[in-house]
Structures are given as C-alpha cells and as structure tokens.
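*Asks:* Shown below is the structure under consideration.
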Amino acid sequence: MSILVNENSRVLVQGITGREGSFHASSCMAYGTNVVAGVTPGRGGQLFEDRVPVFDAVAQAVRETQANVSLIFVPPAFAPDAIAEAADALVPLIVCITEGIPVQDMVRLTPYLAGKQVRLIGPNCPGLISPVASCKVGIMPGSIHRPGRTGVVSRSGTLTYEAVEQLSSLGIGQSSCVGIGGDPIIGTSFVDALRLFNDDPDTDLVVLIGEIGGSLEQDAAAYIKEGFTKPVCALVVGATAPPGKRMGHAGAIITGEDARADAKIQALREAGATIIPTPADIGATAQAVLARM
Amino acid sequence: MKIHEYQAKELFSKYGIPMLRRRVATTGQEAAQAAQEFGGRAVVKAQIHAGGRGKGGGIQVAASPEEAAEFAKGMLGRNLVTPQTGPEGAPVRQVLIEELADIQRELYLAITIDRTQQAPIMLASPMGGVSIEEVAASNPEAIYSQMIDPLLGLMPFQTRSLAAALDLQGDTARAAGQVMTALYRVFVENDCTLAEINPLIVTGDGAIVALDAKINLEDDSLFRHQELQELRDPSQEDELEARAAELGIAYVKLDGDVGCLVNGAGLAMATLDVASAAGAAPANFLDVGGGATAELVADAVEIILSDPKVTRVLVNIFGGILRCDLAASGVVLAYQRKGSNLPLVVRLLGTNVEEGCNILRESGLPVTFADSLAEAAQVIRESG
C-alpha cells in the first residue's frame, strides 16, 4: 500500500509538450508511472512519445482516458488556470510543481478548491512518489528511492532527496514520499499528509521535514500529540536564517515567533516527535527509532 | 519587494486615501521651499526601506524653512541607522517634507495574508504609532481583526465592526471605513504582501488621515505589474543580494566566513544548519536553482567570492536536472575568473557525480571532497 497514488493511478500531465513537462513526463514513465494523457491547449491530437495522447482540455482527457491524477508543469502566470481546470474536471488528485504562482491567486483558488472533491499537492513542490507502487508523480530522481515502510513528508525538494538518500543508504526503504511545497499557501498540509500515513497499514514511521515560516509544523505537532499513532522523526531547517528575509522558498520567511525554527522544534519535541539534531543525521535518527520499535 | 514611504503614498493617493500635503526633496533648498509652502513648519522624513526611522533620528519636526533645510541636509547623502537597519544603516537619497498634523488619536491599520486561514486579514488597533509587534506583545487584546473572504472581498459590515472597535463614531467612522475599503483595493490590485498605515490619525476636527504608508509587494507577482517594478531602489539593498536577484539567484548575505553554494532552498537552509552545527558561521544562503547552467553557477560562485568575509567555500549539490559536471565546471570557471585560491569543501551527489569530481580534481583547486553531509560537517569542523 501507499498513500495518494498506487497501481491504479492514471496520470495526466498538464503542460506535457513544454520543456519541463516533457522531460519529467518521460522520467515518470521510465519509473513505471502509468501516464495516460497529456494536455496542452492547441496541441490536441498529437501523441507524446508516440503513445500518450495529447488533448486540448483536461475534461476531454479525463473523459477519454479516465485519468485520476494530474501533474502540472505550467508557467506561474497560467498555473492557477491549470489547477482550476483540473478541479473543474474533478480530477481527485492535482499535483502542481510550478514555482512562483502569485500568492493572491492561490488565496482566490483555495475556496474554489474547497468546494470540490479534489486534493491539491503543492504548488512549488517536487510531487510525490510511492516506491512500493512504482509510481512517481513528480520531479524527484527515482533512482534514490527503495521500497519500504517509512513515509517522508517535506516542504522542500532537494532536501527531501537528501533525506531519502540517507534513508536508502542505510537500507531504510520508503512507502511514500510527499513534497507538500515551499509556498505560503499550499493545498495539502503536514497534518493532511500525516492523516493519510496514519491510515496506511504499510507505513511504520514518518520522517517529517519542516522549515522556517508559517506554523504548519505547530499544527503537525498538535495532531501528533492528539491522534497520530506512529513514531515521527522531525527536522526543521533554517535555524540560521535572519528574520524578515525570504530564504529561497516564498514561504520560508520569519515573520513572527511561530515562524522560527526553534519554536517549531520545541512544539514537535513536546508532541513526542524524535528531533533530528542536524540535517546530516536524518538516516541515523530514523534507524535508531526503527531499532527501538 | 519593499518601496519607499513616498512611493506608497503616491499609490495610496490613486485610491483616494486622505493624506497630508507633502513633497519629495533631494536638497536642502527643495526642503526649505516645501516647508515654506506648508506655512513654514514641516516634518522632514528620511526615505529608507527600514522601519524605526524616528528612533534613528530620521524623522524631525522643523520650526522654520531654514530648519527644514538643515534637517534635510543632515539626512541626505548619509546612512541612517535605525534598530532595523543593522550597524551600517541605509543610504538616504530623498526626504519627504510633510505639513504638520493636528493629531488627536493615533490608530493602526494593515492588511496581510493569514497563512493559517489562507486568506487576507485586516488588522486594526487603537494603539497606533508604535510597532504592532510591541502591541501584540504588551496588549494583544488591543488588536482587532477581520478575516476577508477573497471571493467576497472586504464587506461593509466588517469595516463598520472595525471602526466600532476603534471607538470611532459618525463621519469619522464612515471615513475610516472608506480608508479600509481603499486599503483593501491597494492590497489586492497591487499584489501586496503587506499594506500598512501606522499611524492612521484622527485629527482635531475628526478627519481620518494616513500619516505613514508602508507597502511590501510580492516578488512573484511583479511580472504582471510593470509600473511597480520601476519603484525598485537597489541602493536600499545589499549590493551582492541585488546582483543575485538580477540573475535570478536566491541569495541572502549573512555574517560568517563559509560561503555556501547549494541547489534547492530547503537543502541550502539545511547546509547552513550543518555548517553552524559544525561550529562554523555561514556567509550566505544561496540556492542556485534546479535548471542552472554552468554559466549561472559561475555567476553564483563569483557572488560568493565577492564577499570579503568569505575564507572558504562549501559546495553541496544534489545533482538531478542540474548535473554535477555542470556545477563543477561553473565553480572552476568562477575561481579562474576571480583568480581565487580559497579552500573548497565539495559534496556532490547524483547525476554525473564522477565527471564533476574529476573536473574539480583536475582543476588544481584546493578541494576537499566529502561523500555525505556528515563528512562535510567533519571537514568544516577540522578546518575551523
């Protein structure tokens, strides 16, 4: 088992004919993902890699291919439209990789999405991967992953790869890895992802990687305390960041006490999570927790 | 992106927010002329991007045009140090000359995005004129808020509720409501991350006036606001940060001596934390991005090497779309251009890692390789 995606996932790629979209669609297919359709307005009728049909509209692609996951590679100015189009077609899982979407566009999209039975992952995220299901819906290098029973959830891209690399090199495989995104407003929170891991019988342990900005880590801490039944190893990066400066991610900015790394670490520690002392210790900490289980 | 008070006020005036008569001056003479026009007495306000100007002597009340000129000359061409600027301060290139106000009450009004509620929030307080952080710490009950439904916008009942909370009545309450509505339009139509009036004053005859104006614009939205891009003032930014921003590189200057080159923001923060945990102080945050070319990596390394505090460089690249060989070539190129010989600690992983390591090995640069973050930390610790 896995969370969010599995052997029945039928993926459509919005922006499949673009530079990034085509590169990553191919890479997902090579990993074993069932990419059933592409969408690029004006390019309907083409075939991607001689086998994946390209459509002009998401609704049409869903009708003809029964796609149930959309992976979005569309530039920031047009990505809100792409997300809304996927939601309008009721694609249950929408994964938006795009970085740089105006935050007020996300503010307006959020209530629209809330009225529909859809889940958005991201934006500004690496996507998700379930090695146990050989399904990759994102931009992460598939080769570093190993099937296993540890879940990973993170606000970052390359730092997630670092975490997975450390886990895999110690023989700790992953059930699913989800990058929830580095923007201030994202569709799926740590708590949402933790709930899914809680219900997944094939995940024993979760590695949670947070960073400065916002208070998603405190929300996660509250949920870990209340209802999460599995051990959590937690890392929060950005302890060295000065206040008021955006550290790359639009969401990684210290605007108040809660946004600081130490406040988040304290909340997670008090909730019972095992704190990963430095980013070099992700694998070793998970290994120690697994050894005690 | 931050803009100056005078620029924010120009924006406010387009939305009908009431303000005092004011004029931008770049010389003492211009300051005196403006003060003369306002009846002799005037306030002289240094234009810098940081707050806390009053505490740094950047806001002075002049009793005559001569004194206005004197204050202006004292500020112009110098760096103003405030509690928010750091010890070097920020350069003053304009002053804003404003007529004096008849202040009866000082209020606070602002709009920002509430990340938890994922919606805009309007904040108001009867305790204006001091920083809202101080009010939040000392009198949190004196901050009133209204969450705004982004599809409805700020509704009139919400402005009435806030005006009542601020203890405003009659025409004054109505005028405050109009300012709130206008401020919400400023916020939405210009893609602000913050629009703040502190203080918003009530005058002796019950009028509402914006005495200060602060606007932060969202960087990711500037592509659709050509006119706002022109408000950028690079003199207020760190020189290296401004150069990085032009190249599309996320770079934040810090105080330490370990220059850091990383791909990915999360990994970059993590790399700084690893260096700190190893007892070293990072000189910068730098995310060169996923789609970087060797040329862009070289530009990034040149920025790192341009910081005189840097004594060694830590490279941490998780190669994916950015291949390790391209990253390595970029590093070598920058070292050659700069003629630098600073020691490098290099951790490469992922696509074309062997090729990348070979390029660095054959370059003759003083490189120590690390296979993992833990090893990199060890090398940093030992090179203390």
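*Asks:* Taking region B:277-362, which trypsin sites (Lys or Arg not before Pro) meet the DSSP loop condition and have no more than 14 other C-beta atoms within 10 Å? Walk me through the numbers before you get to the answer.
*Replies:* On the way: sites: B:K309, B:R312, B:R323, B:R337, B:K338, B:R347, B:R361; in loops: B:K309, B:R323.
Here the sparse-neighbourhood loop sites are B:K309.
*Asks:* Can you say what percent of the DSSP beta bridges in the protein assembly as shown, counting only those with both residues inside, are antiparallel? Round to 5. All intermediate terms of the calculation are to be shown ahead of the outcome.
*Replies:* Working: 54 of 106 bridges.
Just about 50 percent of them are antiparallel.
*Asks:* Putting +1 on Lys and Arg Cβ atoms and -1 on Asp and Glu Cβ atoms, find which of A:F197, A:T150, A:T240 reaches farthest to the positive end of the dipole of region A:137-272.
*Replies:* Of the options given, the answer is A:T240.
*Asks:* Would you mind getting the accessible area per residue of region A:1-47, heavy atoms of the protein chains only, 1.4 Å probe, in Å²? Display every interim value, and only then the final one.
*Replies:* Numbers: 2170 Å² over 47 residues.
Heavy-atom SASA per residue in region A:1-47 reads 46 Å².
*Asks:* Let me ask another. In chain B, what is the volume of the convex hull around the alpha carbon atoms, normalised per residue and reported in Å³? Spell out each step's value before the answer.
*Replies:* Details: hull volume 61.3 nm³, N = 384.
Spelled out: Cα convex hull of chain B, divided by residues, is 160 Å³.
*Asks:* Over every pair of different alpha-carbon atoms in the protein assembly as shown, take the mean of 1/r and invert it; report that Kirkwood radius in Å. Before the final figure, lay out the partial values.
*Replies:* On the way: mean 1/r = 0.0374 Å⁻¹.
One decimal place: 26.7 Å for the Kirkwood radius.
*Asks:* Suppose we take every Cα in region B:239-383 and form the convex hull; what volume per residue is that in Å³?
*Replies:* Details: hull volume 12.7 nm³, N = 145.
Hull volume over Cα atoms, normalised by residue count, gives 88 Å³.
*Asks:* I'd like the residues of region B:343-384 whose 1.4 Å-probe accessible area shrinks by no less than 40 Å² going from the isolated chain to the full set of protein chains.
*Replies:* Correct list: B:L373.
*Asks:* Still on this structure, I have one more. Provide B:S145, B:S64 ordered by accessible surface of protein heavy atoms (probe 1.4 Å), highest first.
*Replies:* Values: B:S145 65, B:S64 30 Å².
My answer, sorted largest first, is B:S145, B:S64.
*Asks:* What does DSSP give for chain B in terms of the percent of beta bridges that are antiparallel, rounded to the nearest 5? Please report the intermediate quantities before stating the final value.
*Replies:* Working: 45 of 62 bridges.
Percentage antiparallel, nearest 5: 75.
*Asks:* Sticking with this one: Only Cα pairs under 8 Å and at least 6 apart count here; give the relative contact order of chain A as a rounded whole percent. Before the final figure, lay out the partial values.
*Replies:* Details: 693 pairs, mean separation 42.3, N = 293.
Relative CO of chain A lands at 14 percent.
*Asks:* Just list whichever of B:K9/B:K338; A:K264/B:K214; A:K136/B:K253 have alpha carbons separated by over 32 Å in the model shown. Numbers along the way, then the final one.
*Replies:* Working: B:K9/B:K338 44 Å; A:K264/B:K214 29 Å; A:K136/B:K253 36 Å.
In this structure, B:K9/B:K338; A:K136/B:K253 lie more than 32 Å apart at Cα.
*Asks:* Antiparallel DSSP bridges in chain A: what percent, to the nearest 5? Intermediate values should be presented prior to the final figure.
*Replies:* Working: 9 of 44 bridges.
About 20 percent, rounded to the nearest 5.
*Asks:* Reachable lysines from B:K73, Cα under 22 Å, same-chain residues fewer than 8 places away excluded?
*Replies:* B:K45, B:K55
*Asks:* Taking region A:11-121 on its own, what percent of its Cα-Cα pair distances exceed 18 Å? Before the final figure, lay out the partial values.
*Replies:* Working: 2631 of 6105 pairs.
Counting every Cα pair in region A:11-121, those more than 18 Å apart make up 43 percent.
*Asks:* Of all trypsin sites (Lys or Arg not before Pro) in region A:111-205, which ones are in loop regions per DSSP and have a Cβ with at most 11 other Cβ atoms within 10 Å?
*Replies:* Working: sites: A:K116, A:R119, A:K136, A:R149, A:R155, A:R195; in loops: A:K116, A:R155.
Nothing satisfies the criteria.
*Asks:* Nearest 100 Å² is fine: what is the total accessible surface buried where chains B and A meet, probe 1.4 Å? Please report the intermediate quantities before stating the final value.
*Replies:* Details: alone 17790 and 12170 Å², together 26410 Å².
Buried area between the two chains comes out at roughly 3500 Å².
*Asks:* Per residue, how much accessible area does region A:140-292 show when a 1.4 Å probe rolls over the protein heavy atoms, in square angstrom?
*Replies:* Counting only protein heavy atoms, the per-residue value for region A:140-292 is 32 Å².
*Asks:* For region B:150-249, which GluC sites (Glu not before Pro) are in a loop by DSSP, counting at most 12 other Cβ atoms within 10 Å?
*Replies:* On the way: sites: B:E189, B:E196, B:E218, B:E227, B:E230, B:E237, B:E239, B:E241, B:E246; in loops: B:E218, B:E230, B:E237.
Passing both the DSSP loop test and the Cβ count: B:E230.
*Asks:* Here's something else I'd like to know. Out of the total accessible area of the protein assembly as shown (probe 1.4 Å, heavy atoms of protein only), what percent is carbon and sulfur? Present the calculation step by step, with values, prior to reporting the outcome.
*Replies:* Details: 13090 of 26410 Å².
Here it works out to 50 percent.
*Asks:* Taking the Cα centre of chain A as origin, sum charge times position over the Cβ atoms of Lys and Arg (+1) and Asp and Glu (-1), and report the length of that vector in debye to the nearest 20.
*Replies:* On the way: 21 positive and 28 negative charges, 31 e Å.
It comes to approximately 140 debye.
*Asks:* How big is the dipole moment of region B:22-100 about its Cα centre under a simple scheme where the beta carbon of each Lys and Arg is +1, that of each Asp and Glu is -1, and everything else is neutral? Debye, nearest 20, please.
*Replies:* Details: 9 positive and 8 negative charges, 51 e Å.
Here region B:22-100 has a charge dipole of around 240 debye.
*Asks:* How much accessible surface area, in Å² rounded to 10, belongs to the heavy atoms of B:S138 with a 1.4 Å probe?
*Replies:* The value for B:S138 is about 80 Å².
*Asks:* Right, something else. For B:D191, B:D220, give the ranking by accessible area with the largest first, probe 1.4 Å.
*Replies:* Numbers: B:D191 5, B:D220 30 Å².
Per-residue accessible area, sorted high to low, gives B:D220, B:D191.
*Asks:* Here's a follow-up. Would you be so kind as to identify which of A:F23, A:A288, B:H49 lies farthest towards the positive end of the dipole of the protein assembly as shown, taking Lys and Arg as +1 and Asp and Glu as -1 on Cβ and the Cα centre as origin?
*Replies:* The residue sitting most towards the positive pole is A:A288.
*Asks:* Let me ask you something else. What accessible area per residue comes out for region B:22-100, rounded to a whole number of Å², with a 1.4 Å probe? Could the numbers behind the result be given before it?
*Replies:* On the way: 3760 Å² over 79 residues.
Heavy-atom SASA per residue in region B:22-100 reads 48 Å².
*Asks:* Given just the C-alpha atoms of region B:22-100, how large is their convex hull per residue in cubic angstrom? List each step's numbers first, then the result.
*Replies:* Values: hull volume 5.2 nm³, N = 79.
Considering the Cα atoms of region B:22-100, their hull volume per residue is 66 Å³.
*Asks:* Please report how far the C-alpha centroid of region A:163-221 lies from that of region B:9-65, rounded to the nearest whole angstrom.
*Replies:* Comparing the Cα centres of region A:163-221 and region B:9-65, I get a distance of 51 Å.
*Asks:* Can you give me the P(r) profile for chain A? Cα pairs, bins 10 angstrom wide beginning at 0, each as a whole percent.
*Replies:* 7, 30, 35, 21, 6, 0
*Asks:* So, in Å, what gap is there between the alpha-carbon centers of region B:162-198 and region B:299-372?
*Replies:* First find each Cα centre; the distance between them is then 52 Å.
*Asks:* Would you be so kind as to identify which of B:S138, B:P120, B:T85 lies farthest towards the positive end of the dipole of region B:82-145, taking Lys and Arg as +1 and Asp and Glu as -1 on Cβ and the Cα centre as origin?
*Replies:* B:P120
*Asks:* Sticking with this one: If I take every Cα pair under 8 Å that is 6 or more residues apart in region B:239-383, average their sequence separation and divide by the length, what percent do I get for the relative contact order? Mind dumping the intermediate values first?
*Replies:* On the way: 310 pairs, mean separation 33.2, N = 145.
Relative contact order comes out at 23 percent.
*Asks:* What is the magnitude of the charge dipole of chain B about its Cα centre, with +1 placed on the Cβ of each Lys and Arg, -1 on the Cβ of each Asp and Glu, and no other charges, expressed in debye to the nearest 20?
*Replies:* Numbers: 31 positive and 50 negative charges, 77 e Å.
Roughly 360 debye for chain B.
The values are calculated or read from the model by the stated rules, or taken from the named source; none is laboratory data. Everything quoted here is computed from the prediction, not taken from an experiment. As a convention, Cβ positions derive from the backbone with ideal geometry for all residues, glycine included, and neighbour counts pool all protein chains shown. For the accessible areas, the whole protein counts, side chains as well, though only heavy atoms, and no ligand, DNA or RNA atoms are used. Shrake-Rupley method; radii C 1.70, N 1.55, O 1.52, S 1.80 Å.
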